[in-house]
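Only one structure is covered here, and it is reproduced in the block below.
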Amino acid sequence: MDFQRYNQAEQAQIAQMIEHKQMKDFLRLYSNLVQRCFNDCVNDFTTKSVTSKEEACVNKCADKFLKHSERVGARFGELSQQMTPPGSPQ
Amino acid sequence: MDFQRYNQAEQAQIAQMIEHKQMKDFLRLYSNLVQRCFNDCVNDFTTKSVTSKEEACVNKCADKFLKHSERVGARFGELSQQMTPPGSPQ
Amino acid sequence: MDFQRYNQAEQAQIAQMIEHKQMKDFLRLYSNLVQRCFNDCVNDFTTKSVTSKEEACVNKCADKFLKHSERVGARFGELSQQMTPPGSPQ
Amino acid sequence: MSMFGGGFQAQQSVNPQNIAMAEQELDMVTDLFNRIVDSCYTKCISTEYQQNDLSQGESVCIDRCVAKFFDVNAKVGEKMQQMGGGQPPQ
Amino acid sequence: MSMFGGGFQAQQSVNPQNIAMAEQELDMVTDLFNRIVDSCYTKCISTEYQQNDLSQGESVCIDRCVAKFFDVNAKVGEKMQQMGGGQPPQ
Amino acid sequence: MSMFGGGFQAQQSVNPQNIAMAEQELDMVTDLFNRIVDSCYTKCISTEYQQNDLSQGESVCIDRCVAKFFDVNAKVGEKMQQMGGGQPPQ
């Protein structure tokens, strides 16, 4: 994304918006991770607390999810830069 | 959630925001319920109107969904209070 | 939906809001389409580029998805008009 | 000549609550539409994707699916009004 | 008498950042609740819909499911703080 | 000295439409990223969770999955421009 075409005052406001959204995006990643790992790992409702087996599964799931997101982010960044931005001269 | 740390003017604005969101949350619960009960109960597309069997299923589904949400809400409230709020003295 | 009960200034603002939302709705339809057709059609990760078989599938999926949305839209419009708007005299 | 913007906007006052209500109504209708597109796609469209057009069977299924979704939506709405003793929004 | 609106609002200044923080907190709690409703419905509720009430087994399952979701949420939170060295939000 | 806020903001005027456009662009990219994370997790990650790291196979799968998702996104975009005769957003 290229916000160079906007003036400085606009860029300042956009930067603030990005910062605000980053927090939101992080919280969303976190909630997605929790829900996915819960769904994949917790299936025993004969106990009230998370079992050690479930906890181990959640740990691996959380690690994998974060590494997955990071790897997608790296590829995403590379591929985004290769794309010709719309409206730019070809 | 504890909004005591905010001043009165802020609390008034937050209260208004909560009220506005409650309506939104209710509408969302309602739409989720409709979609879930439709997906679980309506599978016969040889007729144009909901069959009596489908209607009975939707009725039970709606009742269960509401009771489920209520029960989750009760447990959620209890567990939220037990949690040490972030930033409070331990 | 009937916005006749609002005054002209309000209707102008509502019209602007609708226009803004239409763009958002279109982008959302587009993303839903891409994700659905990707999920349904792309399952071979031994290659880096989309295969011709996958591409043909995506093409058919996109066409079907758009025609489906259009048809739902037509029925939706008809049924919405038949409904008695809430709050109107019966 | 008015000092505060165009003459038109100054003649009528916009009630922000009306705008908020219109927005909520709009969002609800859009949400309903999106959920129907989603549910009826899953119920009616074969993911084999052998042709670009909707088959006769798929088309009929979509029509009935939309009608039944409206039906379920209305029935659940009535049910919730009875339970909550709630008034429909004006 | 103040020229700028009611006396009450004029006495205290509203810090928009505080309002934004309160909104974020509220949205997070609502999101958590909705995810729990969703996951625990899938884990605990039989979609046969043979009765309008929650069965004894379903009720117990919901209680444990909510408790375990809180558990997983807390454990993942700790884990991410260790990894990121992040501070919990005040 | 300006009567209306800081000197900086007063020198350049912020066009709210530009801010709205930047926000829409940002939201689209974030949405695309989230959908890729989601789809590629389902396609590539084994939910057995036997290790904390991505396996070699999972890593390769993610790289190809992201590339293919971009491919499908672009192909569907072209298709929709041809159909609608629409202009790409500037």
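The values are calculated or read from the model by the stated rules, or taken from the named source; none is laboratory data. Since the model is a prediction, treat every value here as computed from it, not as a measurement. Cβ sites come from the backbone with ideal geometry, for glycine too, and all protein chains shown count toward neighbours. Note: accessible area is taken over every heavy atom of the protein model, side chains too, but ligands, DNA and RNA are not part of it. Shrake-Rupley method; radii C 1.70, N 1.55, O 1.52, S 1.80 Å.
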Residues of region C:4-37 being under 22 Å from the mean Cα position of the chain (by Cα) and among the hydrophobic types (A, V, I, L, M, F, W, C), in sequence order, are C:Ile14, C:Ala15, C:Met17, C:Ile18, C:Met23, C:Phe26, C:Leu27, C:Leu29, C:Leu33, C:Val34, C:Cys37
Provide a single number: the residues in region C:22-49 that are under 30 Å from F:Ala20 (Cβ atoms) and polar (S, T, N, Q). 4
Would region B:74-89 turn up any residue that is under 20 Å from the mean Cα position of the chain (by Cα) and within 24 Å of E:Gln51 (Cα to Cα)? yes
Quick one: is E:Gln51 at the interface with another protein chain (Cβ under 7 Å from one of its Cβ atoms) and either free of Cβ contacts under 8 Å to residues at least 60 places away in the same chain or buried (at least 18 other Cβ atoms within 10 Å of the Cβ) (or both)? yes
Hey, B:Phe26 open to solvent by less than 30 Å² (accessible area, probe 1.4 Å), in a helix (DSSP H, G or I) and either out of contact with any helix residue (DSSP H, G or I) (no Cβ under 9 Å at 6 or more places or on another chain) or at pLDDT 95 or above (or both) or not: no
What are the residues in region C:25-74 that are touching a Lys or Arg at 6+ places or on another chain (Cβ under 8 Å) and of a type in the set (Lys, Arg), if any? C:Lys48
Would you please list the contacts, defined by Cβ atoms under 8 Å and residues six or more apart or on different chains, that run from a residue in region E:20-43 that is closer than 22 Å to E:Gly57 by Cα and of a type in the set (Lys, Arg) to a residue that is open to solvent by less than 50 Å² (accessible area, probe 1.4 Å) and outside any helix (DSSP H, G or I)? E:Lys43/A:Val42; E:Lys43/A:Phe45
Quick check on region A:63-85. Is at least one of its residues in a helix (DSSP H, G or I), open to solvent by 40 Å² or more (accessible area, probe 1.4 Å) and over 26 Å from F:Phe70 (Cα atoms)? no
If I filter region B:43-56 for residues that are open to solvent by 10 Å² or more (accessible area, probe 1.4 Å), at pLDDT 95 or above and at the interface with chain E (Cβ under 9 Å from one of its Cβ atoms), do I get at least one hit? yes
Return the residues of region A:50-74 that are small (Gly, Ala, Ser) and closer than 16 Å to F:Val66 by Cβ; say none if nothing qualifies. A:Ser69, A:Gly73, A:Ala74
Criterion violated by A:Tyr6 - all others in (1) more than 9 Å from chain F (Cβ to nearest Cβ); (2) open to solvent by less than 60 Å² (accessible area, probe 1.4 Å) satisfied: (1)
Does any residue in region B:62-76 that is within 7 Å of another protein chain (Cβ to nearest Cβ) come within less than 6 Å, Cβ to Cβ, of a residue that is of a type in the set (Asp, Glu) and assigned to a helix (DSSP H, G or I) six or more places away or on a different chain, and which pairs are these? B:Arg75/E:Asp63
Scanning region E:62-85 for residues that are more than 20 Å from the chain's Cα centre (by Cα) and either part of a helix (DSSP H, G or I) or of a type in the set (Ser, Thr, Tyr) (or both) gives E:Gln82, E:Met83, E:Gly84
Could you check, for region C:43-56, whether at least one of its residues is among the basic types (Lys, Arg) and not in a helix (DSSP H, G or I)? yes
Looking at this structure, is B:Met1 out of contact with any Gly (no Cβ under 8 Å at 6 or more places or on another chain) and at the interface with chain E (Cβ under 8 Å from one of its Cβ atoms)? yes
